[in-house]
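Okay, so here's the structure we're looking at.
The values are calculated or read from the model by the stated rules, or taken from the named source; none is laboratory data. Worth saying up front: this structure is predicted, and the values here are computed from it rather than measured. When we count neighbours, we look across all protein chains shown, and the Cβ atoms used for this are built from the backbone with ideal geometry, even at glycine. All accessible areas refer to the heavy atoms of the entire protein, side chains included, with ligands and DNA or RNA removed. Shrake-Rupley method; radii C 1.70, N 1.55, O 1.52, S 1.80 Å.
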Amino acid sequence: MSYFKPYTLNIRGTLYRVDSPQVMGILNVTPDSFYNGSRCTDEQTIRKRVRTIVDEGAQMLDIGGYSSRPGADNISADEEYSRLSRGLRIIKEEAPDIIVSVDTFRADVAQRCYDDWGIDIVNDIAAGGLDNRMIETVARIRVPYIMMHMRGNPHTMTSLTDYNDIVSDMLQYFGEKISEAAFAGINDIIIDPGFGFSKTLDQNYELLERLDVFKALDMPILVGMSRKSMLYRLLDTTPAESLNATTAVNVVSLLKGASIIRVHDVRQAVEACRIISKLNP
């Protein structure tokens, strides 16, 4: 059985061929991310985290300066960019060759990160829904675009969980977003189902069970379930105790066609990808 479909991304003007699952390591340059073990707010911890992501084998690094957890502070674009800039400078020093994704929903922040630091991917939790200039910006700077499914914003999303059929509704959402992005001139699109965003615990597991349906969109699929509440609430534990559960759901997602897994714990994710790749020669 074939679990993985190869694809290519335009990275720095060169076609980057992806013929096995990719691991994207998380770098949070925030003081209030939901998992306190991931918070990097000073140069020493950022530098150590970048080295760990690289040494443990991630192909990609996703840096975020705005916490999207419910109840997090709503910081300004300038503060978000200041945090990102500090981290991106260190990434360029420590790991100039790693593929860098910037996690932001603000077009101006994405543009500044591209102009100043040459970032490779824009990762948008709102797929343009929180900044109507985002899609045209990504099209202009010509980088791959990760578009996530979310309703509302990080402060309202937990109340927006009514669906006719969650997968059918999401397929319609992505169909519309993909068409909009393609019409604007974005050539490389990656979809993220948005586990934990605008979804109840049961909806998250229904989404995981039916994840392979999204292969019909013929786009790479990114999943991010690392240490999220869908795991620790089900198991009555904490984010800090959720590594084993994270590995379990990552394996399920890979078997159902995920192309990229976004994680806090890189080594364990790399090992999972190597095992799945061994089953899929």
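Among the residues making up the range 7-44, a single one is touching a Lys or Arg at 6+ places or on another chain (Cβ under 8 Å), at pLDDT 90 or above and not in a strand (DSSP E or B): Val29. If I filter the range 223-230 for residues that are of a type in the set (D, E, K, R), touching a residue at least 24 places away in the same chain (Cβ under 8 Å) and out of contact with any strand residue (DSSP E or B) (no Cβ under 6 Å at 6 or more places or on another chain), do I get at least one hit? Yes, the range 223-230 contains a residue that is of a type in the set (D, E, K, R), touching a residue at least 24 places away in the same chain (Cβ under 8 Å) and out of contact with any strand residue (DSSP E or B) (no Cβ under 6 Å at 6 or more places or on another chain). For Ala126, indicate whether it is hydrophobic (A, V, I, L, M, F, W, C), within 12 Å of the chain's Cα centre (by Cα) and either closer than 19 Å to Ser179 by Cβ or surrounded by fewer than 24 Cβ atoms within 10 Å (Cβ to Cβ) (or both). Criteria met by Ala126. Between Asp218, Asp202, the distinction of being among the acidic types (Asp, Glu) and either more than 25 Å from Leu61 (Cα to Cα) or open to solvent by less than 10 Å² (accessible area, probe 1.4 Å) (or both) belongs to Asp202 only. If we scan the range 85-94, do we find a residue that is under 30 Å from Ala272 (Cβ atoms) and either small (Gly, Ala, Ser) or touching a residue at least 60 places away in the same chain (Cβ under 8 Å) (or both)? Yes - at least one qualifying residue is present in the range 85-94. Scanning the range 129-163 for residues that are open to solvent by 20 Å² or more (accessible area, probe 1.4 Å) and within 13 Å of Gly194 (Cα to Cα) turns up Arg151, Gly152, Asn153, Thr158, Thr161. For the range 238-281, taking the residues that are of a type in the set (Asp, Glu) and surrounded by fewer than 20 Cβ atoms within 10 Å (Cβ to Cβ), the one that is nearest to Asn28 (Cα to Cα) is identified as Glu241. Before we move on, is Ile178 open to solvent by less than 10 Å² (accessible area, probe 1.4 Å) and farther than 15 Å from Met230 by Cβ? The answer is no for Ile178.
Annotation: of all residues in the range 45-88 being acidic (Asp, Glu) and not in a helix (DSSP H, G or I), the one that is surrounded by the most Cβ atoms within 10 Å (Cβ to Cβ) is Asp62.
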